[in-house]
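What follows is a single structure, written as C-alpha cells, with notes after it.
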Amino acid sequence: MKPISKLFFLLFLTLWLHKILAAHGEIPDLIPIACDHTLHKDLCINNLESDPESMEAVDVHGLTTVAVKQAALNATNIRNYITKLDEETSDEVVHQCLSDCFQNYEDAIDQLDDCLNALQSKRYEDVVTWVTAAMNDALTCDEGFKDHGRQSPLANLRNLFDPLCSIVLSLTNQLKQ
C-alpha cells in the first residue's frame, strides 16, 4: 500500500472509530462541552446538534467552522428578508434604510466568509475581528432606522444573529487557549 493510501486509510479508520465510540458514550460529547463555555449554551447545543456537519467535527475548530456557517446563513436569510421588505414598501425613508441594511448584511456575510478563511489558517484574532465587524454591521442597520425616528423591522431578527455570532466568538476564544 502506498504511503498516501495508508494515510487516508488511517484517517478514515480514526474518524469511523470516533463515531462508533461517540455513539456508545465511550468518549465525551464534544458539543455540550464546547457549548458549556458560551453565553447561549442551549442555542449553541441545539444549533450544532441539529447540523449534520457538526457530527463530523472532531474538535472545537470543526464546531467553530459550523457555527460560522450558521451565522452566515442567518445573515443571508436576513438579507433576503430585507429584499422582500424593500419590494413591499413605498416609504422612501424606509426604502433608504432597507437599502443601507441590505449593504450592511452583505458586508456581514462577506466578513463571516472571511472568518472561514481565517479559521482555516488558525488566525483566531482575525476571526474575532471579522465576527465583531459583522455584529456591528447588524447594529448599524438598526441604528439607521432609529436615526430617522423609525423602529427597525429587523431588530427582532438580530435577536438570533447576535447570539449566533456570540457563540462563534466563545468557541474561537476556546481555540486561542
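The numbers here are math on the coordinates, done by the rules we state, and not lab data. Values in this document were obtained by computation on a predicted structure and should not be read as measured data. Neighbour counts are summed over all protein chains in view; Cβ atoms, including those assigned to glycine, are modelled from backbone coordinates with ideal geometry.
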Original post:
What is the percent of Cα-Cα separations in the range 111-177 that go past 16 Å?
Top reply: 49 percent
**OP:** Pull out the extension gain between Asn77 and Ala133, defined as 0.36 nm times the separation in residues minus the alpha carbon to alpha carbon distance; nm, one decimal.
**Re:** 18.3 nm
Original post:
Which residues does a label at Asn173 reach in the range 126-160, if reach means a backbone N under 18 Å from a point 7 Å past the Cα toward the Cβ?
Top reply: 126-136
Subject >> Cβ-defined net charge surrounding Asp36, 13 Å radius [Lys, Arg +1; Asp, Glu -1] >> reply: -1
Original post:
Short version: ³J(HN,Hα) in whole Hz for each residue of the range 55-63, in order, from phi by Karplus 6.51 cos²θ - 1.76 cosθ + 1.60 (θ = phi - 60°), x for Gly and Pro, what are they?
Top reply: 5, 8, 5, 10, 7, 5, 4, x, 5
